[in-house]
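A quick write-up on the structure given underneath.
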Amino acid sequence: MPEKRVMSDKEAISDKKARSENSNMDDFYCEERNLGAYFEAEWLEVLRAQGDNTPLACASKPVPDAFVISPFYREVSQFIAACCQQADVAPSHYLEVGPALGRVTYETLRRFPQIRQSWLVEPSQRLLSHCQKLLMTPGCYAFPYIQGLNERGSLVIDTTVIASACQHSEITCINAPFDGKTLTVQADLTVCLNVLDQCQSPLTIMDALKQSTRSGGVLVVSNTYQWQKKHLLDAEDAVDDINQYFETTGWDKLNDTDIGYGFRFNERFSKHFISHVVGYRKRG
């Protein structure tokens with residue numbers, strides 16, 4: 001649990017100014033050099049399933065795919081499907097906050113062909129633009145991967161199959177931070193993965209997620225608890241168990257687990273997090 005400290009007004013203004021200046025110069029949420037790490041963690045597994053076994057070039061000795069691919073996306077997608085089955089929900093409207101490059105979106109739409117409408121809310125323009133290319137633009141798409149500390153290789157992925165698996169759903173992409181005013185509609189499956197500890201007000205996002213979930217619908221949230229003062233405006237929003245956000249009446253717990261999440265920074269260095277994932281059903 002982080003130290004309970006509320007940012008001063010001066011600090012908050014300085015932080016917001018820094019974010020604004022950063023966003024003017026580049027994408028505050030995802031620097032260009034980190035894009036390769038997102039691609040390989042989310043999509044290398046899919047590329048391999050397509051039959052492309054081109055080895056990843058490395059500035060040093062090559063590393064195995066198992067070191068590069070993060071199983072988080074596959075396993076959390078299975079968790080989401082299990083929660084829907086347990087709640088007896090066949091979702092037709094899907095909301096995902098912080099989809100990054102869209103791997104969980106793809107797996108979810110592939111599992112639930114009855115989803116007619118999807119909303120993807122992603123504050124990073126860089127991530128969202130590539131997510132749209134992967135999910136909504138059939139063709140061949142070159143994505144970067146980490147070859148060395150400051151080197152990037154490139155592999156081509158066929159997005160035709162991916163886009164085909166998503167085409168039954170009308171996807172609306174929203175490039176903005178998420179709050180209660182972002183959407184006026186509700187979804188029967190709402191997902192927000194590893195976002196809460198990267199935002200200014202996790203409590204605001206949680207309230208908006210609950211509001212955006214229909215009665216009888218499923219809400220799945222995960223967190224790695226990497227709370228940082230550079231993000232939080234109010235340290236009281238940081239919890240050591242995201243189940244605390246559901247202590248108010250109106251929600252039934254479906255499941256609770258921990259899933260590993262890996263993210264490479266150079267060819268032979270990776271950070272490994274444990275993401276706490278919970279699923280709840282909103283009472284009708």
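The values are calculated or read from the model by the stated rules, or taken from the named source; none is laboratory data. In this text the structure is predicted, and so the values were computed from the model without any measurement. No Cβ is skipped: glycine too gets one built from the backbone with ideal geometry, and neighbour counts run over all protein chains shown. Side chains are part of the model used for accessible areas, which takes the heavy atoms of the whole protein and leaves out ligands, DNA and RNA. Shrake-Rupley method; radii C 1.70, N 1.55, O 1.52, S 1.80 Å.
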**OP:** Give the percent of DSSP beta bridges with both residues in the chain that are antiparallel, rounded to the nearest 5.
**Re:** 60
**OP:** Give the distance, in whole Å, between the Cα centre of the stretch 201-245 and the Cα centre of the stretch 91-122.
**Re:** 19
**OP:** Whenever you get a sec, line up Ser164, Ser270 from highest to lowest accessible area (probe 1.4 Å, protein heavy atoms).
**Re:** Ser164, Ser270
Subject >> Neighbour count of at most 14 Cβ within 10 Å plus DSSP loop: longest GluC sites (Glu not before Pro)-free window in the chain >> reply: 32-246
Subject >> With every protein chain in place, the chain: carbon and sulfur % of accessible area (1.4 Å) >> reply: 49
Original post:
Using Cα pairs under 8 angstrom and six or more residues apart, how large is the relative contact order of the stretch 141-284, in percent?
Top reply: 24
**OP:** Sum -39500 (n - 2.57) across every DSSP H segment of at least 4 residues in the chain, then divide by the residue count to get the 222 nm mean residue ellipticity, nearest 500.
**Re:** -10000 deg cm²/dmol
Original post:
By its C-alpha gyration tensor, with a ≥ b ≥ c as the square roots of the eigenvalues, how is the chain shaped: rounded for a/c under 1.5, else prolate for a/b larger than b/c, else oblate?
Top reply: oblate
Original post:
Rg/Rh for the stretch 119-162: what does it come to with C-alpha atoms and Rh from Kirkwood?
Top reply: 1.04
**OP:** Just read off the accessible area of Lys133 with the full protein assembly in place, 1.4 Å probe, to the nearest 10 Å².
**Re:** 90
Original post:
What is the extension gain from Arg283 to Arg268, computed as 0.36 nm multiplied by their sequence separation minus the C-alpha to C-alpha distance, in nm to one decimal?
Top reply: 0.7 nm
Subject >> Residue-level accessible surface for His272, protein heavy atoms, 1.4 Å, Å² >> reply: 130
**OP:** Could you tell me which of the pairs Lys229/Lys282; Lys61/Lys133; Lys229/Lys271; Lys181/Lys230; Lys181/Lys282 are separated by over 26 angstrom between their Cα atoms in the structure shown?
**Re:** Lys229/Lys282; Lys61/Lys133
**OP:** Apply the Kirkwood formula to the stretch 145-284: the hydrodynamic radius equals the inverse of the mean of 1/r over all pairs of different alpha-carbon atoms; give it in Å with one decimal.
**Re:** 17.4
Original post:
Given a 1.4 Å probe and the protein chains all in place, what does the accessible area of Cys173 round to, in Å² to the nearest 10?
Top reply: 40
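How large is the Rg to Rh ratio of the stretch 211-284 when both quantities use alpha carbon positions and Rh follows Kirkwood?
Rounded to two decimals, Rg over Rh is 1.06.
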**OP:** Write out the trypsin sites (Lys or Arg not before Pro) in the stretch 222-284 meeting two conditions: DSSP loop, and at most 12 other Cβ atoms within 10 Å of their Cβ.
**Re:** Lys230, Arg283
Subject >> Semi-axis lengths, Å, the stretch 149-225, gyration tensor of Cα atoms, sqrt of 5 times eigenvalues >> reply: 28, 21, 12
Original post:
Tell me, what is the per residue accessible area of the chain in Å², probe radius 1.4 Å?
Top reply: 46
